[in-house]
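Just below is one structure, and these are the notes that go with it.
The values are calculated or read from the model by the stated rules, or taken from the named source; none is laboratory data. Being a predicted model, the structure only gives us computed values, none of them experimental. No Cβ is skipped: glycine too gets one built from the backbone with ideal geometry, and neighbour counts run over all protein chains shown. When the accessible area is computed, the model is the full protein with side chains, heavy atoms only, and any ligands, DNA or RNA have been set aside. Shrake-Rupley method; radii C 1.70, N 1.55, O 1.52, S 1.80 Å.
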Amino acid sequence: MTNTAHSPEPLSHLSVLVSGASVAGPALALWLARYGARVTVVEKAPALRGGGFAVDFRGHVHRTVLERMGIWDEVRRHQTHMGRQTVVDADDKEKVDLPAFLMSGDVEIFRGDLARIMYERTKDRVAYVFGDSVASLREDPDGVEVTFERGAPRRFDLVVGADGLHSRTRRLVFGEESHHLRHLGYYAAGFDMPNVLGLHRSSRICSVPGRMVDISNYDGSAEQGGAFLLFRSEQLAYDRHDVAAQKAILAEKFADLPWKHTRHVLAALEDADELYFDAIAQIHIDRLSQGRVVLLGDAGYGATMGGMGTGTALVCAYVLAGELAAARGDHATAFAAYEAEVRDYAKGCQKLAGNAGPFLAPPTERKIRSRDRAYRMLSSRFLAGFFKRLTEKAANAIELKEYPVGKEAPGYAGPMEPVPSRKRQA
Ligand SMILES: Cc1cc2nc3c(=O)[nH]c(=O)nc-3n(C[C@H](O)[C@H](O)[C@H](O)COP(=O)(O)OP(=O)(O)OC[C@H]3O[C@@H](n4cnc5c(N)ncnc54)[C@H](O)[C@@H]3O)c2cc1C
């Protein structure tokens, strides 16, 4: 690897457009700005999106990257401190308690809080444009001509698609979503609801064949709670921007769920201002870059719940920026190296998540019983340790390279420590 450690700004000649300001986008922006690149992040939402579900980090690789980003302590200050999650039957009878260490990783934080932390660290050095989106991309030998839905056209040296599972960048450059999105047979939904069960950093989960309802309180407040729903289904045709249509689908799917608390969930659904609704799906694509355009995070290797997509996005942002810095902006070299470094790693995390739907909402009563048995076993310290090692094995299955030290920036944690060499485990 080229050692450019003596040059603090190896990318000062480079302009980069990043599409998407959730997890992957701001993480990459943080690194690129540190290496001196001029970075613009365009986000289609009118402002930084708050809320969302809780995401977790596991193992030493996630932690090392968070430390190098300089945000480990702040992430810990915002951690959810979620407690036990109790599985009940349709009569609300408790079946098994899932201890926190099983479900919430080493550190758990709301996706929106994480995005906010990274945004605050970068907003003075990165140009964030909210309420706009890439409309077209045309590459020539010297750069990429980008038109936007609202703003004036601009040229960039490189474009990064960090715009999630339904990435427009991917569609524009790599072809239709249907070629890359693998539906895993379930849909998930999440929204706020009053804390009607008086939960305290805990949740109550009821599964019946093919469906699951989870009522939770994450923040310890007496008032605020959340609902998370999962149901088994073939791919549905609906307008992803039509919230009323999505609410109607959910109301119909859950209307006859026999758990007594379902009525609270359905009432909250009706009142919900914000609704998360999407398929449980993964992205499988045979290459992550084409010319000057590259995919990062869910856009390139979305794993869905259980696949540690957030940690993967942060690790891969570190690698992508580091390879660009090491190659002093030679994107062909850097993108090839990025892909070689992260492909197997991301695939390993996707593998873990492939069975998330059937595990959370098994399709038959018999499978619910065996899932509950598995939960009981996993709740024992011994098997929980095994489960922890299994997930950490995937999370740790990359040897982090040392990249050039970037220019000091707010939140910069100081020069990088050499990483102890660890063998790849996957
Ligand atoms: C139900 C569920 C539960 C999950 N639970 C966990 C978990 O417990 N732990 C974990 O690690 N991961 C979890 N994940 C995965 C995790 O949410 C993602 O892997 C992670 O958010 C990836 O971040 P990202 O930035 O790549 O994509 P996203 O978070 O999807 O962000 C994409 C961003 O791009 C923006 N955007 C979209 N289109 C455009 C456009 N055309 N122009 C500009 N901007 C655009 C979006 O508004 C958004 O801000 C879960 C996922 C799901 C679906």
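Details
- Apportionment of accessible area to carbon and sulfur, the stretch 1-147, percent (1.4 Å): 47 percent
- The label-point distance for His179 and Glu94, in a model that sets each label 7 Å from Cα toward Cβ, rounds to 5.3 nm.
- Database remark: amide H of Gln224 closer than 5 angstrom to the amide H of Asn195 (H placed geometrically; neighbours at sequence offset of 5 or more, or on other chains; Pro and chain starts carry no H).
- Alpha-carbon Debye profile of the chain, log10 I(q)/I(0) at 0.06, 0.12, 0.14 Å⁻¹: -0.24, -0.99, -1.32
- Remark: the stretch 240-315 is approximated by an ellipsoid whose semi-axes, taken from the C-alpha gyration tensor as √(5λ), come to 35, 14, 11 Å, largest first.
- Local net charge near Leu181, Cβ-Cβ under 11 Å (Lys/Arg +1, Asp/Glu -1): -1
- Close amide H partners of Gly302, meaning residues 5 or more places away or on another chain with modelled amide H under 5 Å apart, are Ile283.
- Listed by number, the DSSP H helices of the chain that run 20 Å or longer by alpha-carbon position along their axis and have mean Kyte hydropathy of at least -1.0 are 309-326, 331-353, 381-395.
- Shape analysis of the stretch 1-141 yields a ratio of the Cα radius of gyration to the Kirkwood radius, Rg/Rh, of 1.10.
- Two-site FRET efficiency, Ala222 against Glu120, from Cβ-Cβ distance with R₀ of 25 Å, rounded to 0.05: 0.30
- The dipole here belongs to the stretch 244-334: it is taken about the Cα centre, uses +1 on the Cβ of Lys and Arg and -1 on the Cβ of Asp and Glu, and is about 200 debye.
- Helical contribution to [θ] at 222 nm, DSSP H n ≥ 4, -39,500 (n - 2.57), averaged over the chain, rounded to 500: -11000 deg cm²/dmol
- Amide proton proximity set for Gly210, modelled H, under 5 Å, gap of 5+: Thr364
- Greater than 27 Å apart at Cα, pairs in Lys247/Lys351; Lys95/Lys253; Lys93/Lys351; Lys93/Lys253; Lys123/Lys351: Lys247/Lys351; Lys93/Lys351; Lys123/Lys351
- In the stretch 168-215, the portion of solvent-accessible area held by carbon and sulfur atoms comes to 45 percent [1.4 Å probe, whole percent, DNA, RNA and ligands not counted].
- Magnitude of the charge dipole, the chain, Cβ model with Lys/Arg +1 and Asp/Glu -1, debye to 20: 1220 debye
- Evaluated at q = 0.14, 0.22, 0.23, 0.30 Å⁻¹: base-10 log I(q)/I(0), Debye formula over Cα of the stretch 182-236: -0.41, -0.77, -0.81, -1.10
- Average accessible area per residue (Å²) across the stretch 250-371 - probe 1.4 Å, nucleic acids and ligands excluded: 38 Å²
- Here the accessible area of the stretch 224-359 is 49 percent carbon and sulfur, with a 1.4 angstrom probe and all protein chains present.
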